[in-house]
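Here is the structure we will look at, set down as structure tokens.
The values are calculated or read from the model by the stated rules, or taken from the named source; none is laboratory data. Remember, predicted model here, so these are calculated numbers, not experimental data. Using ideal geometry, Cβ is built from the backbone for each residue, glycine included, and neighbour counts are taken over all protein chains shown. Quick note on the areas: whole protein, heavy atoms, side chains included, nothing else; ligands and nucleic acids left out. Shrake-Rupley method; radii C 1.70, N 1.55, O 1.52, S 1.80 Å.
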Number of protein chains: 4
Amino acid sequence: MSTDWPAIGSKDWVVADGYIPPESTGPAPDMTSHDSVCMLNAGAQDAVVELWVYFTNREPSGPYILKIPARRAHHQRINDLSDPAVVPHGVDYSLVLRSDVPIVVQHTRLDSRQAANALMSTIAYPA
Amino acid sequence: MSTDWPAIGSKDWVVADGYIPPESTGPAPDMTSHDSVCMLNAGAQDAVVELWVYFTNREPSGPYILKIPARRAHHQRINDLSDPAVVPHGVDYSLVLRSDVPIVVQHTRLDSRQAANALMSTIAYPA
Amino acid sequence: MSTDWPAIGSKDWVVADGYIPPESTGPAPDMTSHDSVCMLNAGAQDAVVELWVYFTNREPSGPYILKIPARRAHHQRINDLSDPAVVPHGVDYSLVLRSDVPIVVQHTRLDSRQAANALMSTIAYPA
Amino acid sequence: MSTDWPAIGSKDWVVADGYIPPESTGPAPDMTSHDSVCMLNAGAQDAVVELWVYFTNREPSGPYILKIPARRAHHQRINDLSDPAVVPHGVDYSLVLRSDVPIVVQHTRLDSRQAANALMSTIAYPA
């Protein structure tokens, strides 16, 4: 493995439980409540990822375009997305990610609404 | 992807660790202890999902009928189910979900029995 | 599904991160730190599950025999296993479960060593 | 199973969300914030695992060599890796693990930056 960098993973991924907790306790930005998609592009080609946000009561929003260079990790807070629109806080959503090369996606939330932060994480669903 | 909406996921899903913590700390309903199934119907057809609850000491209860429109997320607190019966709090259970179209299911619990909330989440098991 | 009960899942499962936190805060047994395997036998036949505990420095211990009736959930705290031996607290371990019929296994830990409990959960690895 | 020890799992694994929280609350080493890969080598042959760390802004670092004897669990804190280099705290990363025999990998983080610890865990992605 030290001399080649094979692509690893799937091109299509789903996060079903999206939610940005609307309050936070503790110093920003580290302890700010957030929802993240943590992505690895292990391969030798740069990745372009289209992310779509699905809601309960309206049409999906997107595509958000994320670029991950070859052999790089990219941890993206959903809080920080703004084009084509900010993702509202305190609202249920789901995510679909489509990459042009295989990647791996893990979903993590930090919730600091109460005095100590809570964490949750899962490998996303490879479609 | 911007012009078509393919269905994504599996029709059958299992959550093995079901439990609604019987106490809560903090403002309701946000910080109320709960167990949720977070579902995405990414496709172009509406989904009808049958949910069954399995217990330790008695026959399964169901079906609970959940409808998820095309291209919509639906996060369902188990606490809020009432037909055919409320799911008891403080009792171990498991869930089987069967959809008529592919969906993706993630299981999340918020436990606020103690002073700060705890979270756990996992993509459910696609059967 | 209301008239038949198909078996769902895999016969072989692995939990790699086993650990029983050695201290607890809050009322027992609910808030006692514990590691659990939460199992669903969705099918029409009773299941017999052999569980083996693997350690860092010594040979595996087992089999622990767990019986799950047809159409039943069974959430087993590792803390409560005693035959052939209690699983030590504060020690790293992994688990292999082998069932004679398909089941689904989810691994959950409650850690109440500090003032508020922490939770983690994941669907186990279906071998 | 009591008389043979089949290998279980995959040779290639990915953890996308790597992060060592840079502060801790509570007694070391138990409550020190850490990121871990918990591995099981269930089989009859010793395993040699190459671990690579991928970053956001620079080339991957590795290989870190981890040896897991036959029929043994090995829980490795990323904090404790030092050859070829310590993994920096407070920095986003991803992990690729390649074993010469099948293993199972689970990723767990303990975050004690605030007053009570938070936990998250997921079975890693089998490539």
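A Cβ-based charge dipole, computed about the Cα centre of the protein assembly as shown with Lys and Arg at +1 and Asp and Glu at -1, lands at about 200 debye.
Please say if segment D:74-127 is rounded, prolate or oblate, where rounded means a/c under 1.5 for a ≥ b ≥ c the square roots of the C-alpha gyration tensor eigenvalues, and otherwise the choice is prolate for a/b larger than b/c and oblate otherwise? Oblate. Counting Cβ atoms of other protein chains within 10 Å of each residue's Cβ and taking the mean over peptide B:10-23 gives 5. Heavy-atom accessible surface of chain A, averaged per residue, reaches 34 Å², computed with a 1.4 Å probe.
Anisotropy class assigned to segment B:1-59 is oblate, per the alpha carbon gyration tensor with a/c at or over the 1.5 cut-off and a/b no larger than b/c. Counting only protein heavy atoms and using a 1.4 Å probe, the accessible area of residue A:4 comes to about 80 Å².
Net charge of the neighbourhood of residue D:18, taken over other residues with C-beta under 10 Å away and scored Lys/Arg +1, Asp/Glu -1, is -2. Contact order, relative form, for segment A:79-127: 24 percent (alpha carbon pairs under 8 Å, 6 or more residues apart, mean separation divided by residue count).
A straight Cα-to-Cα reach below 30 Å connects residue C:11 with the lysines A:11, B:11, C:67, D:11, D:67, residues fewer than 8 places away in its own chain not being considered. Let me know the shape class of the protein assembly as shown, please: from the alpha-carbon gyration tensor, a ≥ b ≥ c as square roots of the eigenvalues, rounded when a/c is under 1.5, otherwise prolate if a/b is greater than b/c, or oblate. Rounded is the answer for the protein assembly as shown, as its axis ratio a/c remains below 1.5. Once all protein chains are placed together, residue D:59 keeps about 80 Å² accessible to a 1.4 angstrom probe.
In this structure residue B:38 has an accessible area near 0 Å², from a 1.4 Å probe over the protein heavy atoms.
Look at the alpha carbon pairs under 8 Å that are at least 6 residues apart: their mean separation over the length of chain C gives a relative contact order of 40 percent. For segment B:40-127, the list of trypsin sites (Lys or Arg not before Pro) that fall in a loop by DSSP and count at most 13 other C-beta atoms within 10 angstrom reads B:58.
Computed over the alpha-carbon pairs of chain D, the distance histogram in 5 Å steps reads 2, 11, 21, 22, 18, 13, 8, 3, 1, 0 percent, short to long. Inter-copy label distances for residue B:80: 3.2, 3.2, 4.5 nm (label point placed 7 Å from Cα along Cα→Cβ; shortest first).
Tell me the net charge near residue C:127. Cut-off is 9 Å between Cβ atoms, residue C:127 excluded, with +1 for each Lys or Arg and -1 for each Asp or Glu. Result for the neighbourhood of residue C:127: +1. Summarising the rotation from chain A to chain B, the nearest chain A beta-carbon to the axis and its distance in Å are given as A:116, 3. Across peptide B:68-75, the average count of Cβ atoms from other chains found within 10 Å of a residue's Cβ is 6.
In the protein assembly as shown, taking the dipole from charged Cβ atoms about the Cα centre, the farthest positive-side position among D:107, D:7, D:94 is held by D:7.
Legend: mean number of C-beta atoms from other chains within 10 angstrom of residue C-beta atoms, peptide A:44-56, equals 2.
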